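Here is the structure we will look at, set down as structure tokens.
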Amino acid sequence: MRIAHDPIVLVIVAGLFTSACDTVSHVPWPPKGAGGMAERRPSEDPRIDALQRRLMVLTERNARTYAAADYADAEMMLITLRRLSEGGLPEDAEIQMARLKRKLDQIEHALARPKGERAP
Amino acid sequence: MQRPCAPFAGSGALALAWVCAALIALALGLCGPARAQSAGTGEEVRLRIGDVLAIALPGEPALNKDLNVDRRGRVALPEVGAVDVAGRTLAEASTLIRNALARAYRDLDRLAVTLKDRRLYITVLGYVDKPGEVDLPGDSNVQQAIGAAGGLLQGAQLDRLQVRRGTRTTVFNYKRYLDTGDTSLLPQLQPLDIIFVPASPATGNVQINFDSRTLTEQGDAAESPSAVKVFGEVSRAGSFAYKEGLSVVDMIMRAGGVTRFSSIDQVRVIDGGEPKIFNLRKYLDTGDAKLMPPLKPGATIFIPKQEDEIRRSVRTVYVIGEVARPGSLEAPPDARLVEILANAGGPTRFADTTRVKILKADGSVQQFNLFAYTEGDKKPLPEILPGDAVFVPEKIEASDRPSWLKIPPSRAVEVIGAVQRTGRYEWSDEMTLLDLLGEAGGPTQNGDIAHLQILKARQGGKAISFDLGAFITTGGKISDLPKIEAGDVIRVPSLPDSPVDNKAKWVQLAKEDAIYVMGQVGAPGRYAFNKSMTFMDILTAANGPTSNADLRNVRVSHRNQPGSKVTKVNLAQYFATGDEKLLPRVRTGDVIFVPDRTNKEWFDDPAESTVRVLGAVGKPGRYRFAANMTLLDLLAEAGGPTTDAYQQRIVVVNLGCCREQARVFDLVEFARTGDISVLPVVGPGDTVYVPSSAQSEWKIFVDAMRNILPVISLILAMGG
């Protein structure tokens, strides 16, 4: 059987092509996302690691007790920072990083310091 | 016309002169006494200042005139000048005048000099109406001189008038002359005398118009050592001139009589340093003149007050208790109770007139309801006999509540409002506000001591507020307490009992003392608030947030300050962290609003703080997003994907600051692998879209095939 001359085959092939054309005519799906729970994984940005360490130091200085609200805010800001950083939004991550630094400074300022030590 | 006889000459003329002289001497010897008698004295009078001489020379008009003896004792003669005649007899004066005139006139044999009139030039000074010199007839006396000077003024001291003559002063009692008419009591006036009328010492040192009543009330004796002093309970105490024959009663009458407070049983008469008791009452009852001591010059009479002694007589009735003037009264035997009370000044406002008691002399006691009598009670008035006592008791007062009448308004402070015992309290300046509140039992439980109100009656009703709560809490000096004065009103306002139950009481609270709580709280309303309270205090007073309260979006609107300011309060974070910094500082006038979490409007949450979840989910909509939430949380909150959701292609559109991007999440694959790295980032402002399965590639292909299959079948049928 010569397929090329069989009208039935031609019709089927034409229908497949037609459906294929219909399928491929729509906009493709965007790429897969990331960063949704980035705080659960190790950071890849050393600057973020530094801020996290600084927050840990404040934790040891009882920031969770004596600057509770600011500490909670800082934790949330760090989570957001991590997610933005890994979620493909670097500009937003930079802004968030600046905010977090300022928040950590506030916590530093609020915490009691040993005598002779000056506020940062 | 005759000429002056200067050119006399020759012996014939000399003989004629001798004849003339003899005739003149004869004439003088015959006529002198007759002329002296014409002066009225019958004696040889001597001329004095003020006399008027008449000279007459027939045929010579210039010498037919009256000549006044002037103040220097001289008469002025025409052509020849003055001749001093004062102190000379009329004959001597005639000779002097003739001799003087002889220097210019001739033929003076018929010259006649007579005493025509006598005048008195007197000066009247002192307390007279028109002080000055007066011209009086020659025989005038002091009274005429005073009359010519306009008369005496009120206040003149009549018993000390003076006549001054040269350097000599004669004091005489003009009043005695007025009393007796004895002219010998008056000094004889001479020309140029000065009469001085002194003022009474009673007139004082200030010139005013005295009336006779004022002067006589002070007595008429001035500083006379013989004056009788009358004082004590007399109408017009004073010093009165002593007169022979006056008695003690006369002197008391001159002093206006005794007052009703006098004790006439014990009149004291001090005479010569020896006091004597004069029982005037007994004298009046008996008329026995022996009871009255004699009155001597300089005596002192004292009428004591009746309170100074215990009175007891056959007519005495005693009135005691709450009457205006308690004491003893002299009452007739048939006196009635009302008369007795009226004489005692009547019951005071503290008197209990329903229980007037009559203590009879025999020891029995009668009670009488005077109030009922005034209301028409037919019970007759009790008869009061001498020796009885009328006792008007005070109003009955409860042990814990004295009659308010007992404290006059000038000594009372009123305490009203939320205190244990409101009322009027007697005030003393050594008391403080705390003493007064303690006296009133202190504030009640709902007393708002933070807003004590004091109405200052003596400062025009000025109202001041005082925070007693802060004073007690923080401490302070007692002197810092508001100064309370008698007449003030202190009010302790009440805190609203329950704004929910009785909103009408809200108005009791001044707006500057209130704070407002609205929305999802147990008891929204208007609450009393002060500086010592906090946000949580007022939230708790409103029974706290309800279960629907949106704790993350509590708003506080700050009023009473320039501009507008709203503070957002995340109570959820506060409850999570306990950080007091999250709580705002609220003041009176602020409004606290707790929104409803379940029934919020779109504008309650701005788009920048929410994530839109669209497509094939149970509850598409806007959802508030917290930083620690993930896409999974959002999908769960939105009810999860529906059965026709295309779970392999859940799209997240990120709205970043500087770029936008879309990412796909395969929920099915995530469920199979658990790989969290594929979870896309989501943030506030982003959009999550869950497509339906109709949008899958396979579904699209199948649908397309389904569409072309009928066409293929038709072609095959036609070709077959």
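A few notes on this one:
- Taken over the stretch B:122-135, the criterion of being more than 13 Å from residue B:161 (Cβ to Cβ) and surrounded by fewer than 19 Cβ atoms within 10 Å (Cβ to Cβ) is satisfied by B:123, B:129, B:130, B:131, B:132, B:133, B:135.
- Restricted to the stretch B:326-375, the set of strands (runs of 3 or more DSSP E) holding at least 2 residues that are surrounded by 14 or more Cβ atoms within 10 Å (Cβ to Cβ) and within 37 Å of the chain's Cα centre (by Cα) comprises B:327-330.
Condition check ((1) modelled with pLDDT of 85 or more; (2) crowded, with 18+ Cβ neighbours inside 10 Å; (3) of a type in the set (Lys, Arg)) across all residues:
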{"residue": "B:387", "(1), (2), (3)": "no, no, no"}
{"residue": "B:399", "(1), (2), (3)": "no, no, no"}
{"residue": "B:402", "(1), (2), (3)": "no, no, no"}
{"residue": "B:411", "(1), (2), (3)": "no, no, yes"}
{"residue": "B:437", "(1), (2), (3)": "yes, yes, no"}
{"residue": "B:452", "(1), (2), (3)": "yes, yes, no"}
{"residue": "B:458", "(1), (2), (3)": "no, no, yes"}
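- Hits in the stretch B:678-697 (condition: open to solvent by 40 Å² or more (accessible area, probe 1.4 Å) and at the interface with chain A (Cβ under 9 Å from one of its Cβ atoms)): B:695, B:697
- Where strands (runs of 3 or more DSSP E) fall wholly inside the stretch B:112-183, the ranges with 2 or more residues that are in contact with a Phe, Trp or Tyr (Cβ under 8 Å, 6 or more places away or on another chain) are B:119-126, B:132-137, B:161-165.
- Extreme residue, modelled with the lowest pLDDT, among residues of the stretch B:465-515 that are buried (at least 17 other Cβ atoms within 10 Å of the Cβ), touching a helix residue (DSSP H, G or I) at 6+ places or on another chain (Cβ under 9 Å) and part of a strand (DSSP E or B): B:494
- Test: residue B:644 is within 11 Å of chain A (Cβ to nearest Cβ) and not polar (S, T, N, Q): no
- Checking B:95, B:169, B:183 one by one, the residue that is closer than 21 Å to residue B:47 by Cβ and surrounded by fewer than 16 Cβ atoms within 10 Å (Cβ to Cβ) is B:95 and no other.
- Members of the stretch B:51-66 found to be open to solvent by 10 Å² or more (accessible area, probe 1.4 Å) and among the hydrophobic types (A, V, I, L, M, F, W, C), listed by number: B:52, B:54, B:56, B:62
- Of all the residues in the stretch B:698-708, those that are more than 7 Å from chain A (Cβ to nearest Cβ) and of a type outside the set (Val, Ile, Thr) number 5.
- Filtering the stretch A:66-88 to residues that are within 7 Å of chain B (Cβ to nearest Cβ), of a type in the set (Gly, Ala, Ser), open to solvent by 10 Å² or more (accessible area, probe 1.4 Å) and within 24 Å of residue B:680 (Cβ to Cβ) leaves only A:88.
- Test: residue B:673 is free of Cβ contacts under 8 Å to residues at least 40 places away in the same chain, closer than 30 Å to residue A:42 by Cβ and open to solvent by 60 Å² or more (accessible area, probe 1.4 Å): yes
- If only residues of the stretch B:610-644 that are surrounded by fewer than 16 Cβ atoms within 10 Å (Cβ to Cβ) and of a type in the set (Ser, Thr, Tyr) are counted, the one that is nearest to the chain's Cα centre (by Cα) is B:642.
- For first residues located in the stretch B:650-670 and facing chain A (nearest Cβ under 7 Å) and under 15 Å from residue B:631 (Cβ atoms), partners that are hydroxyl-bearing (Ser, Thr, Tyr) and surrounded by 16 or more Cβ atoms within 10 Å (Cβ to Cβ) and lie 6+ apart or on another chain with Cβ distances below 6 Å form the pairs B:651/B:689.
Residue-by-condition table, conditions (1) touching a strand residue (DSSP E or B) at 6+ places or on another chain (Cβ under 6 Å); (2) touching a residue at least 24 places away in the same chain (Cβ under 8 Å):
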| site | (1), (2) |
| --- | --- |
| B:564 | no, no |
| B:579 | no, no |
| B:584 | yes, yes |
| B:599 | no, yes |
| B:606 | no, no |
| B:609 | no, yes |
| B:639 | yes, no |
| B:648 | no, yes |
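- Residue match in the stretch B:611-620 (condition: in a helix (DSSP H, G or I) and either under 23 Å from residue B:695 (Cα atoms) or more than 10 Å from chain A (Cβ to nearest Cβ) (or both)): no
- Residues of the stretch A:28-40 that turn out to be open to solvent by 40 Å² or more (accessible area, probe 1.4 Å), at the interface with chain B (Cβ under 7 Å from one of its Cβ atoms) and farther than 9 Å from residue B:678 by Cα, as a count: 3
- Considering residues of the stretch B:517-547 that are among the aromatic types (Phe, Trp, Tyr) and touching a Pro at 6+ places or on another chain (Cβ under 8 Å) only, the residue modelled with the lowest pLDDT: B:527
- A count restricted to the stretch B:234-254 and to residues that are open to solvent by 30 Å² or more (accessible area, probe 1.4 Å) and within 43 Å of the chain's Cα centre (by Cα) stands at 5.
- Residue A:99 open to solvent by 70 Å² or more (accessible area, probe 1.4 Å), more than 9 Å from chain B (Cβ to nearest Cβ) and under 24 Å from residue B:658 (Cα atoms): yes
- Residue list for the stretch B:548-565, restricted to those being modelled with pLDDT of 90 or more and surrounded by fewer than 17 Cβ atoms within 10 Å (Cβ to Cβ): B:557
- Enumeration of residues in the stretch B:294-307 that are at pLDDT 85 or above and within 13 Å of residue B:266 (Cα to Cα): B:301, B:302, B:303, B:304
The values are calculated or read from the model by the stated rules, or taken from the named source; none is laboratory data. Just so we're clear, the structure is a prediction, and the values are computed from it rather than from any experiment. Heads up, the Cβs are rebuilt from the backbone with ideal geometry, glycines too, and the neighbour counts pull from every protein chain shown. In case anyone asks, the SASA skips ligands and DNA or RNA and just uses the protein heavy atoms, side chains included. Shrake-Rupley method; radii C 1.70, N 1.55, O 1.52, S 1.80 Å.
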